[in-house]
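Report on the structure given below.
All of the numbers you see were taken from the coordinates with simple rules; none came from a lab. Since we're looking at a predicted model, the values are computed, not measured. Cβ coordinates were reconstructed from backbone atoms using ideal geometry, including for glycine residues, and neighbour counts include every protein chain displayed.
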Amino acid sequence: AWCESDAVTRVLSQIPGSATVYHDGPGHTLYGNNACARTHINRYFTDRTLPSHPTKC
């Protein structure tokens, strides 16, 4: 699961302007199985809009 953790916090702090979508489930199938996350991913790739923090799907 990609959730709040020290590792996620460290990565986000090292990349200015970064964001993440938190979810409870496997990460490698996220796009195909999570409509909420898919919406945020599509929005980023089409118009570079990052999700607000914190975004949970």
Checklist entry - Fully extended, how many nm does the chain gain between ARG48 and LEU12 (0.36 nm per residue separation, minus their Cα-Cα distance)? => result 11.3 nm
Checklist entry - What is the order of TYR22, TYR44, fewest Cβ neighbours within 10 Å to most? => result TYR44, TYR22
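Rg(Cα) of the range 1-54 divided by 2.2 N^0.38 Å? Present the calculation step by step, with values, prior to reporting the outcome.
On the way: Rg = 11.4 Å, N = 54, 2.2 N^0.38 = 10.0 Å.
My calculation over the Cα atoms of the range 1-54 gives 1.13.
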Item to check | Rel. contact order, % - alpha carbon contacts under 8 angstrom, at least six apart, the chain | outcome: 39 percent
